[in-house]
1. For the condition within 10 Å of another protein chain (Cβ to nearest Cβ) and touching a Lys or Arg at 6+ places or on another chain (Cβ under 6 Å), what is the one hit in B:100, B:115?
2. Which is at pLDDT 90 or above, within 28 Å of the chain's Cα centre (by Cα) and more than 30 Å from residue B:160 (Cβ to Cβ), of B:125, B:108, B:53?
3. Restrict the check to the stretch B:80-103 and report whether at least one residue is among the charged types (D, E, K, R) and surrounded by fewer than 17 Cβ atoms within 10 Å (Cβ to Cβ).
4. Output the number of the condition that residue B:113 fails; it satisfies all remaining conditions of (1) part of a loop (DSSP other than H, G, I, E, B); (2) under 30 Å from residue A:87 (Cα atoms).
5. So for the stretch B:124-132 (the condition being touching a residue at least 24 places away in the same chain (Cβ under 8 Å) and either polar (S, T, N, Q) or within 7 Å of chain A (Cβ to nearest Cβ) (or both)), does at least one residue qualify?
6. If I filter the stretch A:137-148 for residues that are closer than 26 Å to residue B:121 by Cβ, modelled with pLDDT of 95 or more and within 29 Å of the chain's Cα centre (by Cα), do I get at least one hit?
7. Would the stretch B:59-78 turn up any residue that is in contact with a Ser or Thr (Cβ under 9 Å, 6 or more places away or on another chain), exposed (fewer than 11 other Cβ atoms within 10 Å of the Cβ) and either in contact (Cβ under 8 Å) with a residue 60 or more places away in the chain or not in a helix (DSSP H, G or I) (or both)?
Amino acid sequence: MALASILRNASRVQAGALPRFFFKPASVAVNRNFSSSLCPNYATFNKNSNLNLGLFVPHSKILIAPQARMMSGDHSRLWPIEKALSVSLLVLVPAAIASPHFILDNLLAVAAVAHFHWGLEAVVIDYARPIVVGNVLAKLALFLLYIISATTLGGLIYYNVNEDGIGQTIRQFWAIKGSGKEKTADSSGSEKK
Amino acid sequence: MATFFRLGSRQVLNHFLRNEKVGMLSLVRPVTLKAQPACPPKEMGHDERNMKLGRPQSPHLTIYAPQLTSMLSISHRATGMILAGYTIMWGLGAVVLPDSIPCYLEDLAAANVSSILLCGTKFMLAFPMTYHFWNGIRHLMWDMGLFLTLKEVYATGYVMLILALGSAIALVSM
C-alpha cells in the first residue's frame, strides 16, 4: 500500500540517490517520466510500452563491468550506400583490369577500400564482442580497422600515382609465363613449321 | 498493509487501553519516505544476463549440421576477408617494401617459376574474387527481394558455385 503511493507520486518528486534494492513495480499505468540522467547505469527504457516487466534481480555480488553496447545509431542510412558501392564494384573491377586507366584505378581503390572497410567492420562487430573480448579490446579492434583502412587507401592511391596503377599491375602479373608453359609453346611452335 | 500487522501486536492493545484519543491515525507510525522516480530495470543482453545467472551456453556450432546455405554464407565472408587481406597487403606493401611492386614482378618473371606454381597462385587470387563476385550478385538479388525461397536459394547457390569455379579457371588459363 505504501509502495503504491510512492509510485503514484514518483513522477512528482526530484529524486536523489539510486535505490539500493530492486523492487517489482505495481501493475499500475505509471507516468513514464523517467529521467535517465538520474539513473546513469541504466539503458534508456522503452518509453512506448506501458508494461513493466518487473525483473526480480537480486542485488548481485558478481561485479561485471557494465557492458558497452556497440550499437552506435542508425545503420539504415548507410545500407543503400553500401549496396550502391557493391554494384559499382561489380563494374569497376572488370573495367579497371580490362582497360587500365588512372581514373578507373583510383575509383577502384576508393570503392574497394570502402567496401572492405564496411565488410570488416561487420566482422569485427560480430566477433569482437564486449562480452567475449572485453570492452577495451572491442573498441580497440574497431579503431585498428579504421587505421588499416586509411593506411591501405593511402598506399593504393600512392601506388596509382607513383607506380603503374592497379589495373596495369594485375595485367602484368597475369602475363607472367611459367617455365612449363614456355616448353609447350616452343614445341607447338616447332610443330607448326 | 503494515497497519494490519501492527494491529495484532501487544503494544497496540496497551496503546488502546491507555489512550483516550483512539483512532486509526494514532496507530500509524510516522514514516518519512524518500520517494524517487523508479529506475527502469537494467537492460542487459542475453549473454550478459545468462552469464550472471551462471548458465552454460547451449552447443550450437558444434552440433548444427553444415548446410549449403550456411556454408556459402560463411564462405562469402571468408572470401571477403581474404580479398581484403590481399588489398591491405598491396596497399601496405606499396609503401613499406624496399623496391617497387612492378620491380618485384619483373624479378618474378625472370625467375622462371614453374607454371604449376604460377597457376596455383593465380587460382588463389582469382577464385576468392570470382566467388565473392558471383555470390555478391546473389546477395544483391536477395536485397532486391528476388530468389528468397529455399528452393531458389539452393538453386542460385549451385549456379553461383559453378559460375565462380568456371570463371576462376577461365581467368587462370588466360
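The values are calculated or read from the model by the stated rules, or taken from the named source; none is laboratory data. Being a predicted model, the structure only gives us computed values, none of them experimental. Please note: Cβ atoms are built from the backbone with ideal geometry, for glycine as well, and neighbour counts cover all protein chains shown.
1. Details: B:100 fails: touching a Lys or Arg at 6+ places or on another chain (Cβ under 6 Å).
Being within 10 Å of another protein chain (Cβ to nearest Cβ) and touching a Lys or Arg at 6+ places or on another chain (Cβ under 6 Å) holds for just one of B:100, B:115, which is B:115.
2. Being at pLDDT 90 or above, within 28 Å of the chain's Cα centre (by Cα) and more than 30 Å from residue B:160 (Cβ to Cβ) holds for just one of B:125, B:108, B:53, which is B:53.
3. Kept after step one, since they are among the charged types (D, E, K, R), are these residues of the stretch B:80-103: B:99.
With the extra rule that they be surrounded by fewer than 17 Cβ atoms within 10 Å (Cβ to Cβ), the set shrinks to B:99.
The answer is yes, given that some residue of the stretch B:80-103 is among the charged types (D, E, K, R) and surrounded by fewer than 17 Cβ atoms within 10 Å (Cβ to Cβ).
4. Going through (1) part of a loop (DSSP other than H, G, I, E, B); (2) under 30 Å from residue A:87 (Cα atoms) one by one, residue B:113 breaks only (2).
5. Step one: filter the stretch B:124-132 for residues touching a residue at least 24 places away in the same chain (Cβ under 8 Å), giving B:125-132.
If we keep only those that are either polar (S, T, N, Q) or within 7 Å of chain A (Cβ to nearest Cβ) (or both) too, we end up with B:130.
Within the stretch B:124-132, one or more residues are touching a residue at least 24 places away in the same chain (Cβ under 8 Å) and either polar (S, T, N, Q) or within 7 Å of chain A (Cβ to nearest Cβ) (or both).
6. Filtering the stretch A:137-148 for residues closer than 26 Å to residue B:121 by Cβ gives A:148.
Restricting the remaining residues to those that are modelled with pLDDT of 95 or more gives A:148.
Subsequent filtering for residues that are within 29 Å of the chain's Cα centre (by Cα) retains A:148.
Yes, some residue in the stretch A:137-148 is closer than 26 Å to residue B:121 by Cβ, modelled with pLDDT of 95 or more and within 29 Å of the chain's Cα centre (by Cα).
7. Going residue by residue through the stretch B:59-78, those that are in contact with a Ser or Thr (Cβ under 9 Å, 6 or more places away or on another chain) are B:64.
This time we only want the ones that are exposed (fewer than 11 other Cβ atoms within 10 Å of the Cβ), so: B:64.
Still in the list and also either in contact (Cβ under 8 Å) with a residue 60 or more places away in the chain or not in a helix (DSSP H, G or I) (or both): B:64.
Yes, the stretch B:59-78 contains a residue that is in contact with a Ser or Thr (Cβ under 9 Å, 6 or more places away or on another chain), exposed (fewer than 11 other Cβ atoms within 10 Å of the Cβ) and either in contact (Cβ under 8 Å) with a residue 60 or more places away in the chain or not in a helix (DSSP H, G or I) (or both).
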